[in-house]
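Taking it in order: structure first as structure tokens, then the write-up.
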Amino acid sequence: MRKIAQNARMSQSSTHTFSPAAQAFLHAQGVDVAALEPIPGDASPRRYWRTGTQRILAQVPQPAELLPFLRVQRRFAALGLPVPRIDAVSLQFGLLLQEDLGSRDLKEALDAGEAPAALFAATFPLLSGLAKAPRHLRPLPMFPAYDDARLGEELALFPHWYLRRHLQIVLDSAAEARLQTLFAELLQAAARQPKVWVHRDFHARNLLLRETGEVVMIDFQDAVMGPWTYDLASLLWDRYWDWGREQRRAWIESYRQHLQREGVAVPDAADFAAQVEVLALQRTVKILGIFCRLAYRDGKTAYLEFLPRFWAYLEDLLAGNPAWQSYLPLFSPWSPCNKP
């Protein structure tokens, strides 16, 4: 389930219809149905309202969609990781009441000119908390494995949706073999990393800011057990800003030192940066495919506007690693500017 954690951009309905039994449930929770304020956003079968009591009401068409969110929220909260408080749930009616943290997220703060270094440093305790979590708690059932099979399925989106559908390119056998060699190298490198709890969508729009400055995670229901650098790569290679290679590597080193202070065994600076960039490249290749799938399968063509940024990321990552520089000639004909 996407954005159930009160992101004000995810509901479109200005009306509400609740059965008498659902209204009775809400009344018992102190919710005045007549006073609900709809939260507008893009089209979605889910609906959201502010209750006027510092809480968000969410209604989902399939109550089972609540279960992954509730499961992860409980596990994160048990370790003291900052997530919205859950006040009441009804699986029968598909209703959830949770803490209203407002809509000020990391992107809004950055757009307003707040210092990026301070804002990113405020996310480090969340990242290290996820990294250390498996030492203290083994969730049952386990989080899904973010393993070779799943990472490989994501990489396969690139040739299918970006190359074949978007650029209308059919690879010859030599190019296909070369691309698969790179994919195999990425999967092998990812498999060697420590496995930790991974938010999997750790970026500026999913990080809300309390008035105290504390950063709170939302949209975490897809959490997995996977490589420990994935979430940091998600944060630093963002769709909204290109911070540049030098700045990203400085933040990677700052986070590595944060982990070290937290008592986590870390590799040296160069090796850790290389680990982060492995997942940055995997994620960048995946996103090029995902954005084309969103455009051509789901009709969300606005995502095509982000392709040049992620293509620039891809070229920079390849150019910045001597082991990957030989792949630049393979990718150069596939630039978004070559679309027929």
Item to complete: Give LYS195/LYS286; LYS107/LYS132; LYS132/LYS286 a once-over and call out the pairs whose C-alpha atoms are over 22 Å from each other.
Response: LYS107/LYS132; LYS132/LYS286
Response to the item:
Per its Cα gyration tensor (rounded if a/c is under 1.5, else prolate when a/b beats b/c, else oblate), the stretch 27-135 is best filed as oblate
Response to the item:
Counting as exposed only trypsin sites (Lys or Arg not before Pro) in DSSP loop states with no more than 16 other Cβ atoms inside 10 Å, the longest exposed-site-free span of the chain is 105-191
Discussion item. Taking loop as defined by DSSP and a crowding limit of 16 other beta carbons within 10 Å, which chymotrypsin sites (Phe, Trp or Tyr not before Pro) in the stretch 234-263 fit?
Written reply: TYR240, TRP241, TRP243
Worksheet item: What is the sum of charges around GLN29, taking Lys and Arg as +1, Asp and Glu as -1, for the other residues whose C-beta is under 10 Å from the C-beta of GLN29?
Response: 0
Practice prompt. Go through 316-322, 97-103 and give me the packing order, highest mean Cβ count within 10 Å leading.
Written response: 97-103, 316-322
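Laboratory data are not the source of any read-out in this text; all were calculated from the coordinates shown. Just so it is clear, the structure is predicted and the values come from calculations on it, not from any experiment. Ideal geometry is used to build each Cβ from the backbone, glycine not excepted, and the neighbour counts take in all protein chains shown.
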